[in-house]
Structures are given as structure tokens and as C-alpha cells.
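Accompanying notes for the structure given below.
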Amino acid sequence: MIGDDKSSATTAICGFDSDNILIRGKNLVSDLMGKYSFTEMLLLQALGAEPSEMQRRIVDSVLVTIMEHGLVPSTIATRLTHYGAPEAFQGAVVAGLLGVGDRYAGTAGECGAILERIVAAPESERKSKAIEEVRSYRQIRRPIPGFGHPIHHAKDPRVERLLEIAGQAGVRGEYITAMRLLEVSIKEVLNKSLVVNISAAIAAVLGEAGIPASLMRGIVLTSRCAGLVGHLFEEMTNPAAHAMWVAAQTCVDYQD
């Protein structure tokens with residue numbers, strides 16, 4: 001019977017009464033405001049545990065790394081939405097967020113899931129697991145997430161710096177090693193080298209910070225949301241959307 005089911009659900013994130021707002025057991029006013037950075041609050045709210053300095057530093061660095069991508073489709077969508085509906089600030093941001101996908105925002109989450117599977121294997125079996133992962137992607141004819149880049153052919157300049165920051169933060173290195181195993185396995189299986197791109201590095205360092213692969217896209221979206229807000233503010237003060245609209249009309253011909 002329906003009546004036998006639990007009649008209500010619970011949340012461990014937030015509760016409030018007339019005098020207090022509690023987030024993960026901490027008082028917003030006395031425990032969090034003025035004491036936590038945005039990154040620390042993000043980690044506390046999502047994961048439900050006090051963030052370490054290592055986690056804060058890594059996630060903060062990832063947020064900075066992935067925030068800005070220039071005039072990619074998601075940014076153009078935000079600017080053009082504002083051009084058509086200047087009263088809808090949040091609508092313009094959402095329009096851009098809806099266009100944040102694998103092509104321009106990266107595949108850190110998918111790569112993170114691969115790295116999780118490699119790390120879950122016994123250490124002696126991780127190389128063979130990495131090879132298995134590469135072969136499975138080859139079999140279904142899908143690109144391996146986190147490898148290859150349309151612009152950075154020799155190396156992605158962001159990768160080594162992000163790994164350096166992670167090393168300075170004191171990570172154990174299991175996920176970074178798994179990423180390197182995947183890199184070597186790609187070369188062995190495909191008989192060619194693919195550059196490690198920033199998505200693989202983000203997946204590796206977030207894994208080191210204890211961020212589940214299922215949350216990694218959320219970290220990326222949080223960062224890109226901030227980037228879209230900056231583009232939207234520039235659009236309000238130094239408009240470019242009209243030129244984009246005219247360019248689209250000029251470049252796309254009608255053909256019956």
C-alpha cells in the first residue's frame with residue numbers, strides 16, 4: 001500500500017527556524033559568514049564534511065582554470081539571449097549554461113569515472129585496467145575523454161601547472177598516476193600519442209581531492225556560470241551581440 005511508504009524525505013544540507021539558518025550543522029551567521037571562502041562553502045554544502053586545505057586549494061585552482069573559454073557557443077548564447085531579452089539577466093546566464101557541454105567545457109566527469117575505475121583496481125592490475133578502458137572506447141568508436149585537443153597539439157599549457165599545484169597541496173598521487181597510465185595505454189593501444197588536456201588533469205586533481213566523478217561536472221558548471229556572468233556584464237557595458245547577429249545573417253545564406 002502507498003500508506004506503507006515513508007511519507008516524507010529528509011535533507012542534511014539546510015534547515016531553518018525563525019532565528020537560525022543551519023547548513024550542514026553549522027550556523028550560517030556565526031559559523032560560516034566571514035569565515036568560509038566560497039570554495040570552502042561549496043565543498044561543505046556538497047560533501048557534508050569540513051573541507052581540508054588541500055581540497056580548498058585544488059578546487060579553487062580548478063574553478064580559476066576552467067572559468068573562461070572566450071567566445072565559445074555557450075558565451076555567445078548568453079550574449080545573444082541578453083540582446084533579445086535584456087530584462088532577463090538570469091535567462092541569459094541559463095541559456096549559456098544549457099550550452100556548456102563536452103566540446104567546450106570538457107569531459108572531466110567522464111574521465112574522472114574512468115580514473116575511479118582504474119584506482120579501484122588492485123595496484124598491480126591498474127595498468128591492465130587502463131588498457132581495458134582504452135580498448136572499450138576504441139570498440140565503440142568514441143574519443144577517450146581528457147585526451148587530444150584541437151588547439152594545443154603538443155601540450156596543454158594548463159595541465160602541468162594544475163598538477164604542480166596539486167603536488168604542492170600534498171596529494172597522494174593515485175589519480176594522477178592513473179591518468180598517466182591511461183596516457184601510456186592510449187599510445188600502446190592506438191599506436192599514437194594524444195595530448196593530455198585540461199579535462200583529464202581536472203579529473204585527476206579533483207579525484208585526489210576526494211571529489212566524486214559524479215560531482216565534477218557541477219564544479220565545472222559553477223566555474224563557467226561565473227564566467228558567463230562576466231561576459232554578460234561586458235555585454236551590458238560594451239555590447240558585441242549585435243555584431244554577432246549581423247555576422248550570422250551575413251555568413252548564413254538562405255537556400256530554397
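The values are calculated or read from the model by the stated rules, or taken from the named source; none is laboratory data. This one's a predicted model, so the numbers in the text were calculated from it and none came from an experiment. Cβ sites come from the backbone with ideal geometry, for glycine too, and all protein chains shown count toward neighbours.
Going through Ala201, Ala243, Ala166, Ala213 one at a time, which residue ends up being over 23 Å from Ala108 (Cα atoms) and small (Gly, Ala, Ser)?
Only one candidate qualifies: Ala243.
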Quiz item: Consider Leu194 against the criteria (1) assigned to a loop (DSSP other than H, G, I, E, B); (2) among the aliphatic types (A, V, I, L, M); (3) within 21 Å of Ser61 (Cβ to Cβ): it satisfies all of them except one. Which criterion is unmet?
Solution: (3)
Exercise. Could you tell me whether the range 234-256 includes any residue that is within 21 Å of Gly101 (Cα to Cα) and surrounded by fewer than 13 Cβ atoms within 10 Å (Cβ to Cβ)?
Key: no
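A quick yes/no check of all residues on (1) touching a Lys or Arg at 6+ places or on another chain (Cβ under 6 Å); (2) at pLDDT 95 or above; (3) under 29 Å from Pro157 (Cα atoms); (4) of a type in the set (Gly, Ala, Ser):
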site: Asn191; (1), (2), (3), (4): no, no, yes, no
site: Ile211; (1), (2), (3), (4): no, yes, yes, no
site: Met216; (1), (2), (3), (4): no, yes, yes, no
site: Thr222; (1), (2), (3), (4): no, yes, yes, no
site: Leu232; (1), (2), (3), (4): no, yes, yes, no
site: Asn238; (1), (2), (3), (4): no, yes, no, no
Self-check item: Residue within the range 60-69 that is of a type in the set (S, T, N, Q) and free of Cβ contacts under 8 Å to residues at least 60 places away in the same chain present
Solution: no
Quiz item: Do you know which residues across the range 14-25 are assigned to a strand (DSSP E or B) and either touching a residue at least 24 places away in the same chain (Cβ under 8 Å) or surrounded by fewer than 18 Cβ atoms within 10 Å (Cβ to Cβ) (or both)?
Solution: Cys14, Gly15, Phe16, Ile21, Leu22
Practice problem: Test each condition in (1) in contact (Cβ under 8 Å) with a residue 60 or more places away in the chain; (2) under 26 Å from Glu164 (Cα atoms) for Val93 and report the one that comes out false. | Solution: (2)
Quiz prompt | Condition broken by Tyr104, with the remaining ones in (1) at pLDDT below 95; (2) in a helix (DSSP H, G or I); (3) more than 27 Å from Leu182 (Cβ to Cβ) satisfied | solution = (3)
Quiz item: Looking at the range 69-85, which of the residues that are surrounded by fewer than 16 Cβ atoms within 10 Å (Cβ to Cβ) and at pLDDT 95 or above is farthest from Met244 (Cα to Cα)?
Solution: Ala85
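One line per residue, one yes/no per condition, for (1) over 17 Å from Met216 (Cβ atoms); (2) free of Cβ contacts under 8 Å to residues at least 12 places away in the same chain; (3) over 24 Å from the mean Cα position of the chain (by Cα):
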residue	(1), (2), (3)
Pro122	yes, yes, yes
Arg126	yes, no, yes
Ile131	yes, no, yes
Gly146	no, no, no
His149	yes, no, no
Arg158	no, no, no
Ala166	no, no, no
Val205	no, no, no
Quiz prompt | Any hit, the range 52-74, residues being over 27 Å from Ala209 (Cβ atoms) and either touching a Lys or Arg at 6+ places or on another chain (Cβ under 6 Å) or among the hydrophobic types (A, V, I, L, M, F, W, C) (or both) | solution = yes
Self-check item: Filtered residues of the range 109-136 (kept if of a type in the set (Gly, Ala, Ser), in contact with a helix residue (DSSP H, G or I) (Cβ under 8 Å, 6 or more places away or on another chain) and more than 15 Å from Ser199 (Cα to Cα))
Solution: Ala121, Ala130
Exercise. Output the residues belonging to the range 213-256 that are within 13 Å of Leu80 (Cα to Cα), outside any loop (DSSP other than H, G, I, E, B), out of contact with any His (no Cβ under 8 Å at 6 or more places or on another chain) and in contact (Cβ under 8 Å) with a residue 60 or more places away in the chain.
Key: Leu228, His231, His242, Met244, Trp245
